[in-house]
Amino acid sequence: LEGVADCGQRGHKEALRIIWDCCSYSSGFEDKIESSTIIDLCYRLAFAADVIISPDADAKSIVAKLESEHDSACSALERSLAQAGEGGYVTKENFFNWAETMAPMISSTLSTFMYNLLFHGKWTKHRLNFVLFQHPKLDQHSDIFEGWHHPNLFALACTAPSLASEWHNLYSRQFHGSSMNRLQYSILGYNGPTLVVIETDQDHIIGGFFNTKWKKSHDYYGEANGFLFQLFPTLTLFNPTGEDKNFIH
């Protein structure tokens, strides 16, 4: 019970410590760990947390999927974490600081796994000391996010709890055509929150999260809880500086 409490009920820093200790054990208790080792564990924990509460889960296909993605899953997160250290390796302090700024939800992968393992996602009579980790669910096919367990979806879910919900497609060039008028027609008046995701000709993925109603305006508007991001090739968040309120125009 002491270990279970450490995984979630004692806060996200304790969960991060357990994640680090697990990776450190598998790496021979070194002071520095490869970023890929940490991200791979968290990705598998998030995947397993969903499988535990899925009655029709196919264990063999799940293992095959995880093994096929072992070398490439969540490369954007791995590169992001690697930049916090040196030579692809990070210290415990590097990992904690990175998680605080770039992936505040990554500790919940462990907490949610333990919660689903013990209570099968049903026992919620007590107050949780963490936010459950949930993969975003897409209501329509996406060329950028191929499947609900796509590593890029996992990376986005690690950035903010507000992204853990069902996503409704407002506009897609694939379905609505390349037209600014169609884009404006699709989003103006929508109360939000809204996630904008763009894939460039160089295969970079960038975007922004906005928690404000879209409207035509000659002035800046918006709220400080929005942010811009680069999702691929390296996850990077750009939060408001707090120096002004020029969020959206």
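Remarks
- Some residue of the stretch 145-166 being out of contact with any Phe, Trp or Tyr (no Cβ under 9 Å at 6 or more places or on another chain) and not in a loop (DSSP other than H, G, I, E, B): yes
- Residue match in the stretch 204-211 (condition: modelled with pLDDT of 90 or more and assigned to a loop (DSSP other than H, G, I, E, B)): yes
- Within the stretch 220-242, considering residues that are hydrophobic (A, V, I, L, M, F, W, C) and in a strand (DSSP E or B), the one most open to solvent (accessible area, probe 1.4 Å): Phe238
- The residue that is surrounded by the fewest Cβ atoms within 10 Å (Cβ to Cβ), among those in the stretch 167-183 that are modelled with pLDDT of 85 or more and either among the polar types (S, T, N, Q) or assigned to a strand (DSSP E or B) (or both), is Asn181.
- Condition broken by Thr241, with the remaining ones in (1) closer than 22 Å to Gln83 by Cα; (2) under 17 Å from the mean Cα position of the chain (by Cα) satisfied: (2)
- Hey, Asp203 at positive phi and either surrounded by 12 or more Cβ atoms within 10 Å (Cβ to Cβ) or not hydrophobic (A, V, I, L, M, F, W, C) (or both) or not: yes
- Residue that is nearest to Ile206 (Cα to Cα), among those in the stretch 141-160 that are open to solvent by 70 Å² or more (accessible area, probe 1.4 Å) and of a type outside the set (A, V, I, L, M, F, W, C): Asp143
The values are calculated or read from the model by the stated rules, or taken from the named source; none is laboratory data. Since the structure is predicted, the reported quantities are computational estimates derived from the model, not experimental observations. Positions of Cβ are generated from backbone atoms using ideal geometry, with glycine treated the same way; all protein chains shown enter the neighbour counts. In case anyone asks, the SASA skips ligands and DNA or RNA and just uses the protein heavy atoms, side chains included. Shrake-Rupley method; radii C 1.70, N 1.55, O 1.52, S 1.80 Å.
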